[in-house]
Amino acid sequence: MSKDLKRCPLCGAYATIKAYKTMGTNHNTFTLYCTNKECPIMLKDFGSVEEAIKKWNNRPLEDALIEKFRVYRQLMLLIN
Ligand SMILES: [Zn+2]
């Protein structure tokens, strides 16, 4: 589990990254899993951990909603 990873977009559980050896080579590929065993979310076959994290954390709609909520909360604090 990495603190750099956002929570699962489907169920909110933590995510983890596992490395897999590619048969017959010294290469690893990296797969991201949701740690909730009942959740089907998985992103696979990344060439590096950094690439996997970047893809997992790329959520422009979620980020925009969080920013709108942050602004809304600040406005509510000003009004009340
Ligand atoms: Zn999940």
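Miscellaneous remarks
- Restricting attention to segment 10-28, the residues being outside any loop (DSSP other than H, G, I, E, B) and within 21 Å of Lys54 (Cβ to Cβ) number 7.
- Asn36 meets the conditions (1) surrounded by 11 or more Cβ atoms within 10 Å (Cβ to Cβ); (2) part of a loop (DSSP other than H, G, I, E, B); (3) more than 8 Å from the ligand (Cβ to nearest atom); (4) polar (S, T, N, Q) in every case but one. The failed one is (3).
Values quoted throughout were computed directly from the atomic coordinates according to the rules given, and no laboratory measurement underlies them. The shown structure was predicted, so the numbers you read here are calculated from the model rather than taken from an experiment. Note that we place each Cβ from the backbone using ideal geometry, even for glycine, and neighbour counts take in every protein chain shown.
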